[in-house]
1. Among B:109, B:43, B:129, whose mean-square fluctuation peaks in a Gaussian network model of chain B (Cα, cutoff 10 Å)?
2. Checking the a/c ratio against 1.5 first, then a/b against b/c, what shape does the Cα gyration tensor give for segment B:225-345?
3. In Å, what Rg and Dmax follow from the Cα atoms of segment B:169-252?
4. With the contact rule set at Cα under 8 Å and sequence spacing of 6 or more, what percent relative contact order holds for chain B?
5. Rounded to a whole number, what is D in µm²/s for the protein assembly as shown from Stokes-Einstein with the Kirkwood radius over alpha-carbon pairs (37 °C, 0.692 mPa s)?
6. How crowded by other chains is B:380-388, given as the mean number of beta carbons from other chains within 10 Å of each beta carbon?
7. About its Cα centre, how strong a charge dipole does segment B:51-146 have in debye, to the nearest 20, once Lys and Arg get +1 and Asp and Glu get -1 at the Cβ?
8. PRE reach from residue B:55 (point 7 Å along Cα→Cβ): which of segment B:101-120 fall under 14 Å by backbone N?
Amino acid sequence: MARPNTNNTGASHSVKPNDIAPTLTNHMQEEQATPIAVENIIEDIRRQILTQKFKESGKTSQLNLDGSYFSTKFYDNLYQASVSQQEIRLQVIKSNVPLIGPLIDRLRTMIHQVILFYVNQFVVEQARINQLNVELISEISVEIEKLAQQQEQGGD
Amino acid sequence: MNQRPKLAFVLPWYGQEIPGGAEAEAHRTIKHLAAAGYTVEVFTTCIKDFFADWHKNHHRPGSRTENGILVHRYPVGPRNKAKFDLLNQKIIGRIPLTPQETADFADNFINAPDLLAAIYKNRNNYLFFFIPYLFPTTYYGLPLVPQNSVLIPCLHNEGYAFTPLMRRTMPLAGAMVYHTESERRLAQSIYDLPDTQIQTVLGEGVDAFEPGDGQAFKQKFGIDGPYILYAGRKSHEKNVWQLMTYWNEYILNGGRYDRLKLIFIGPGSVEIPPLMKDNTLDLGYVSALDKRNAFAGASVFVQPSLNESFSLVLMDAWQAGKPVLVNGFSDVLVEHVQRAQGGLYYGSHEEFVAMVDWLLDHVEEAAQMGQNGRKYVQDNYMWEQIIPKYEALIAQMAERMGAMA
C-alpha cells in the first residue's frame, strides 16, 4: 500500500451534504486550476480518521507515522494496523427464494446477530490487545529513532 | 528479415466482440498496427471465448480474413476438465503443485497441437506477439520461437504468475511489453529475466472516449442525486464483494450523503442486501451510449480491483473527466493515480467512507483531478503515443532477427 510522503493539507471547497450531484463540467473548463497533491490529501484524510478513532476511544496518544528512520513499509503497516476493524458487522445476503424469501432474510439476520454478539466479545478483546501492540511498537520506534539521532549527533 | 517484419499475434481466442482486457487490447492493437502499415495476422484456436468450453470448436478451422485481418484458426482437442479444475483451484489458492500436477494442468488447459505446429512451421516468417501470459498458447507457443517473440504478459499478482510454467517461459521471450512500471517490477521480482531481454513499459493504447450526457442517463434510469459509478465485470476477481462491504459501511455507518447511490454497469450480477437497495443500483449490461452517459453523470468512478495490469476503464473515467477512487492495495492503480494526480486511493473501509465524502465535498478539487486524469491519458496512452513505441520495439526486434539470420 503506497504511503503519502508529505505533510501539507489539500485545499478545500465544501458543499453541504445531499446537495444535488455536483456538476463537474463547468469546473472542467476553468483555466486557472488549483494544483492537486493527492498524497497530501490522503495523508490529511488519514490523520482525520486517526484523530477521530482516538477521540472515540478517549485516548490522546498519536502514533509515530512520520518517521524516516525505518522503511516506508514500516510506517504504512503501523497505520494500517491502527485503523483495522475492531468488530464484525452484520452482513446478510438476500435470499432469492420466492414468497418466503423475506422471512428467510429476517431469520438469517436474527441468527447472525446472536452469533455476532458472542463473536464480537472476543473480537473486541483481541482488537484491544492489537491496539496496545501497535502503540508499543510505535513507542519503541520513537525511542529507536531518538537513539539513532543521538548517535548521529555524537558521531558529528 | 527486413526492417518491417510480418507480425503474428498469438492468443487463445480472437474476435471483435470478445470481452476481456487482454483480448480487447490485442484486437485494438492489431487494428492500429495494421492501420500503421504493418502486415498483421492472428494465430488462434477455434474456441469462441473465455466463457466457452475450451474443448469445443466454435469457429471453423482455417485461414480467413476477418475485418481486414488474416486470422488462422486451429482446432482444439479433448481435455480432462475435472482434473484441470481441481488443479486450477490449487493454483488460484497458491498451493504448490507437484511436477506431475503441473504437467497435468498444462496439458488439460487448452489442447491445440496444430496451432503449435503452425507457429513452429512459421518460426522464420513472423515476429510473434504472445498475449496474455497464462495460456498454453503462450507457455507452449513462445518457447518454439524465443528469439523472435514479444510477450505482452498482462501480469497480475496471482497464483498463475508463480507456477514453474511461467518461471520457465518468461525468461525466454525476446522482449517483454509492460503496461506500467508496477507490472515490470512485479515481473522482475518473480522471474529471473536475462539482461539480453528487451524490457519496455509501453502502456496500452486507448480509444478516444466520446463525451456523454449525464442528465440523459439520470432521466432514463430515474436517478435524482449524485452517484458513484462502477463499470466492469461484477465478479469476485474484480473485488466487487469488498466494494459492497465498504459501500455497506458508507450507508449504515458514517457516510454523510444519504442520497448518494452506487451504480453498477457491466456483465454479471451483484447481490444487493435489502438494507442497501435504496442506495444501490445494478443496471447490468448497458449500451455504449448509456455507458458514456453513465460516466458523464457520475460524481466519482470507483475501481476496487486488485487484479489489474492496466485498467482500461480507469482511462475511460478519466477521459470523461471524472475523479477516481481506487483500491490502494493495487500497485498498478496507485501508480496511475499518483502519476496522474487524478483521484484518491483507499486502504480500509474507513478511508473509503472518508474519501467518498471528501470527493463530494471538494467539488473543485475533484473536478481538477478528473482534468488531470484526462491529460494523463492524452499525454501517455492515445494511439498516436502508443504506435510509435511499438514501431521502435518492432524495429529493434527486426534488427536482432536480421543479425541472427
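Any read-out appearing in this document is the output of simple, stated calculations on the displayed coordinates, not a laboratory observation. This structure is a prediction, so every number in the text was calculated from the model and none was measured. When we count neighbours, we look across all protein chains shown, and the Cβ atoms used for this are built from the backbone with ideal geometry, even at glycine.
1. B:109
2. It comes out rounded by the Cα gyration axes.
3. Taking only Cα atoms of segment B:169-252, I get Rg and Dmax of 20.4, 58 Å.
4. Value for chain B: 14 percent.
5. This corresponds to a translational diffusion coefficient of 126 µm²/s.
6. The per-residue average across the peptide is 0.
7. Computed about the Cα centre, the dipole is about 160 debye.
8. B:107-112
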